[in-house]
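Remarks on the structure that follows.
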Amino acid sequence: QNDLPVSNGKQYEIGVISVVGAKQYNEQTVIAFTRLKSGDMVYLPGDRISNVIKKLWDLDLFSDINLYATINGDKVDLKFEIEEVPELNKVTITGIKEKKTKDIIKDNDLNKGTKVTENLITKTKYYIENKYKKEGYLNSKVTILTRPTTDTTDTQRVDMLVNVELSDRVKIQDIEFIGNEQISDAKLRKQMKNTKRKNLIRFWKRSKYISENYDEDKVAIVDKYKENGFRDARIVTDTLIHSGEDLITLKLSLEEGDKYYIGDIDFLGNTVYSDRELARQLGLEKGDVYNGVLLKERISKDGDPNADDLSNLYKNSGYLFSSINPVEVNVENDTIDFEIRITEGKLAYFDRITISGNDKTKDRVIYRNLRTRPGQRYSQAAVLQTTRELGQTGFFDPEQLNPQFLNANPYDGTIDINYALVEQGASQIELQGGYGGGGFVGTLGLSFNNFSIQNLFNKDAYQPLPMGDGQKFSLRAQASTYYQTYSASLTEPWLGGKKPVQLQLSFSHSIQYRYNFNGGNTARPDKDSRFLITGGSIGLAKRLEVPDNYFTISHAISFQHFDLRNYNVGLFTFGNGSSENLAYTVGISRNEGDVNPIFPRTGSKFSLTAKLTPPYSLWNGTDYKELADTRASLDPVADQTEISEIDQERFNWLEYYKVKFEGQWFTSLVGKLVLSSKVEFGFLGAYNNDRGIPPFDRFFLGGDGLGGYALDGREVIRLRGYPNQSVLPQDRVDNSSLDASDGATVFNKFEFELRYPITLKPSASIYALVFGEAGSSFDNFKDYNPFLMNRSAGAGVRIYMPAFGLLGIDFGYGFDPIPGTVGGPNGWETHFIIGQQF
Amino acid sequence: CSEYQKALKSEDMGKKYAMADSLYDSGKYRKSLKLWEQIVPSYRGKPQAERIMFLYADAHFQVEDYYLAGYQFDRFVSAYPDSEKTEEAQYKAALSYAELSPNYQLDQSETQKGLDQLQQFIAAYPESEYTEDASERIKELSIKMQKKSYEIAKGWHKIMEYPTAISALDDFISDYPGSPFREAAFFYKLDSQYQYGSKSINVLVRPRLEEALEMYETLTRYFPEGEYRAQADEIKLDIEKILENYS
């Protein structure tokens, strides 16, 4: 340890060191802490001794420290006299409701054992006073006393008595303005967002007086003047008058000054953009009212990185180090001439791009998605897009994503970015068991959103599961005595690691047995009648660069094998036989999403897909016309066997095509309110009309839109306010050959949803919504009528928790009757929503 | 009831202490840890605390609970800076952080902390018996940091973002002059420039490939016998062939 003399300090040898007043800490401990030893040489006065005292103070354990030095020739005896800070025993808060005391205790850590320092007392006092000031108790008084307790231990403990003397809550009776000629009192009062007069009608906002809000509102008044050309407006005085018991009146005296207009605007220092381009971006013209607030916003709007202002014009093209200053160069009568002085600075380039906080997700999974890259020209838009896309992965908490700009170097024109991430749970588990349908039903579902399939057999990677390669992996099994389904899927977003080519694999197998009612009331599964479906699909999706990089093109091949043994379902007219569904799906989609995929505020999504099977009827030589004619001539009851045979031939390899379109927009309305608008269309057709459209892959409209258990690849389209899958084609009422178990081949649907977030914390996101939607389905394109709709409206709430996914409930009112039924509106329906839906 | 269970439930601190001590000595760290947990608070500020805190920290270390071991050793060092065990404690604190260092593809805050602490240790105790081991660990951890930085830079090459790869590899080369990945970095820089140049629009092919040839010269000057030499020579031949068509 270095020791330096202070002024003309002399060096002494330490003799005896003693400590007086130590109770809780023994003498030796204190001496050891000072690191002074008998025999050491110290200066008096000196650096080392003062540091020792400072260190003791820094401990916050002592309320008083005195050092006495007894000099004895060359030697010095040191005596530390300390007074230990007492510990808190019990705190009593009087004057307010008990419920409120808990918060005070919690927020100030007034727990047993806390050291009662001066700082703690002052802090607590300030905290309480401030808390009540904010609630409108302007003149509350807080007194804090401490009293030693008699405790059995050596430790000195004190009780804390906090007395809160609440003043009466002050309300604002009136706000008066003096000197305003150009803007009325009412308009000025409207500017004051949080300082309001007493008003019986306006019951939702109280007329409290909170000085911070008042200060903000005074700025708002001056801004209002500035917006209207009164550049020099100011508040000369403002007075607070007690105008009655618990009432105050605020008197503001204003000086408006003159109204000014914009004169010439000159741009100086611009080389990248021409005067004309800059003038257009600025959007202010000669002769406009001089609006100081708007001028500032047009040049650089604080707090909005997406703003369409001058400084972002520069920043998005790489001029990070540019600065723009408007200067008034000439004031003539009421006209002000401006110079907008621009220092463009060096073009900025990204240098080092780093990631922190990725405790699970591997570097390459993150880096490959970055749109800000070393050596690239700086672009603010690229930073925002990267942040948004990182949020959309679902691996990180979107509300805590934070790009940090580091080492901005205007001389070299470089800047570093560190993306600080916070990992969030990306796995979901579904486990259900229950007694239903005469037997036990169990479901186990696991879905991992950030899986690492290459580490499946690496036991070190199990912490608790192999994670971090950005793959999606899900497994699901559901079983009861009557049916079993198993499915698995895997998604690798960067196949091969070179390009964002997404590979998707899925497999599913299900088996269903017939109920056997022979044993009386209880049904048993009949293992001799079964229906088996095995299928799989493989798909590739690729991000496109043209027309823009939000586009994705996808291809998939899917195959399903249906095998029936002694099993008649509505789907097929044959009970023994098989059918194959081989199809190719091509889709193009554009997804410009928001940072938060759970609660998007901006962006849009479009997708257009076509699912095609090979046109077997072109080459397989079967005369489907003849088959159709024969079938039509047969009697549906008497000739069932022949019909089965014909249908087995018609559906041995399914033949159809399907086209779907979906579009969704998110628009931020007022405040946090978001509007989601969505349209959907779908069309299923046959290549050979004699062969006909198979009963598979059809559209079922109505209800919550949850897929559930379906054998026939049906697509369930949500239409709230109606029972599940109830909205059949209107014209089917007259056409009796089809019934409710047949889906439609054409549908359209329109949906508007207003969403309001209640909380967007990582542990749970909750939002409320109201919706209005309309949809209809048809059996034939010829019947399509866009005005024939089943309409509904309602409200609901969604809760998203990372471990459970999305849960929700909606109440919808159907304005129209269910097709095929007569009578008035369908009325209210309740829908439970499980799983992600947008 | 075993002796151990009795000691756990006992009120007698002396008995617990003796039991914990003997368990520690016979290598039963996990059991002793439970006892130390109970003992530590009541000896705080007393002369025995120095020994107890060290053993407590070391028990964490022995059961490979490095997170707590690091924290407890750190506390020991700041509480007893003059203890004869301080040197060992400081070394083991640093070692604990080093043990927490995760896979190079993840966040390396722990690695950095381990590195810093080991370096501090060597600076404070240059003559220590642990110094050699500590240097070894420092080397290991810094190679991990280098690998991370190198792999990230090379990642740009893999996804065919060649200009980005060149900037990132340049940063890597200037950040870690003595790295074992240096040759590879030079090579991938060359390959990036070669790929970038040969896929450029016509007028840019020549200047860009000529720049690649300069990179080849740099690589072979530094690493004339390197493991990437053969691949680099192939690239050079290819570049020369392409350039003939552009002369």
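The values are calculated or read from the model by the stated rules, or taken from the named source; none is laboratory data. These numbers were taken from a predicted model, which means no experiment stands behind them. A quick note on method: Cβ atoms are made from the backbone with ideal geometry, for glycine too, and the neighbour counts reach across all protein chains shown.
Summary table
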| item | result |
| --- | --- |
| Identity of the residue in segment A:478-534, modelled with pLDDT of 80 or more and among the basic types (Lys, Arg), that ends up surrounded by the most Cβ atoms within 10 Å (Cβ to Cβ) | A:530 |
| All positions within segment A:764-783 that are under 21 Å from residue A:749 (Cα atoms), surrounded by fewer than 16 Cβ atoms within 10 Å (Cβ to Cβ) and not polar (S, T, N, Q) | A:770, A:781, A:782 |
| Residue in segment A:782-792 that is of a type outside the set (Asp, Glu), more than 25 Å from residue A:682 (Cβ to Cβ) and at pLDDT below 85 present | no |
| Of the criteria (1) surrounded by fewer than 18 Cβ atoms within 10 Å (Cβ to Cβ); (2) without any contact (Cβ under 8 Å) to a residue 40 or more places away in the chain; (3) more than 23 Å from residue A:665 (Cα to Cα), which one residue A:580 fails | (2) |
| Residues satisfying the stated conditions in segment B:82-98, i.e. within 14 Å of chain A (Cβ to nearest Cβ), in contact (Cβ under 8 Å) with a residue 24 or more places away in the chain and assigned to a helix (DSSP H, G or I) | none |
| Subset of segment B:135-151 (residues that are among the aliphatic types (A, V, I, L, M) and either more than 13 Å from chain A (Cβ to nearest Cβ) or more than 18 Å from residue B:168 (Cα to Cα) (or both)) | B:138, B:141, B:143 |
| Filter result for residue B:107 (without any contact (Cβ under 8 Å) to a residue 12 or more places away in the chain and away from chain A (no Cβ under 14 Å)) | no |
| Those strands (runs of 3 or more DSSP E) lying entirely in segment A:18-85 with at least 2 residues within 14 Å of chain B (Cβ to nearest Cβ) and crowded, with 18+ Cβ neighbours inside 10 Å | A:75-84 |
| Any hit, segment A:327-342, residues being within 8 Å of chain B (Cβ to nearest Cβ) and of a type in the set (A, V, I, L, M) | no |
| Those residues of segment B:7-29 which are surrounded by fewer than 13 Cβ atoms within 10 Å (Cβ to Cβ) and of a type in the set (D, E, K, R), in sequence order | B:9, B:11, B:12, B:25 |
| Looking only at segment A:785-812, and only at residues there that are within 15 Å of the chain's Cα centre (by Cα) and part of a strand (DSSP E or B), the one that is surrounded by the fewest Cβ atoms within 10 Å (Cβ to Cβ) | A:801 |
| Selection status of residue B:117, within 20 Å of the chain's Cα centre (by Cα) and either within 14 Å of chain A (Cβ to nearest Cβ) or within 22 Å of residue B:226 (Cβ to Cβ) (or both) | no |
| Of residues in segment B:170-187 being within 24 Å of the chain's Cα centre (by Cα) and either of a type in the set (Asp, Glu) or more than 21 Å from residue B:139 (Cα to Cα) (or both), the one nearest to the other protein chains (Cβ to nearest Cβ) | B:171 |
| Of the criteria (1) touching a residue at least 24 places away in the same chain (Cβ under 8 Å); (2) assigned to a loop (DSSP other than H, G, I, E, B); (3) more than 28 Å from residue A:387 (Cα to Cα), which one residue A:441 fails | (2) |
| Members of segment A:588-644 that are under 30 Å from residue A:755 (Cβ atoms), of a type in the set (Phe, Trp, Tyr) and free of Cβ contacts under 8 Å to residues at least 60 places away in the same chain | A:606 |
| Check on residue B:68, surrounded by 16 or more Cβ atoms within 10 Å (Cβ to Cβ), free of Cβ contacts under 8 Å to residues at least 12 places away in the same chain, aliphatic (A, V, I, L, M) and within 14 Å of chain A (Cβ to nearest Cβ) | no |
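Results for (1) over 28 Å from the mean Cα position of the chain (by Cα); (2) β-branched (Val, Ile, Thr); (3) buried (at least 17 other Cβ atoms within 10 Å of the Cβ), shown as yes or no for each residue.
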{"position": "B:203", "(1), (2), (3)": "yes, yes, no"}
{"position": "B:206", "(1), (2), (3)": "yes, no, no"}
{"position": "B:210", "(1), (2), (3)": "yes, no, no"}
{"position": "B:231", "(1), (2), (3)": "yes, no, no"}
{"position": "B:239", "(1), (2), (3)": "yes, yes, yes"}
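Yes or no, residue by residue, for (1) surrounded by 13 or more Cβ atoms within 10 Å (Cβ to Cβ); (2) more than 41 Å from the chain's Cα centre (by Cα); (3) not in a helix (DSSP H, G or I):
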residue: A:99; (1), (2), (3): no, no, no
residue: A:102; (1), (2), (3): no, no, no
residue: A:124; (1), (2), (3): yes, no, no
residue: A:158; (1), (2), (3): yes, yes, yes
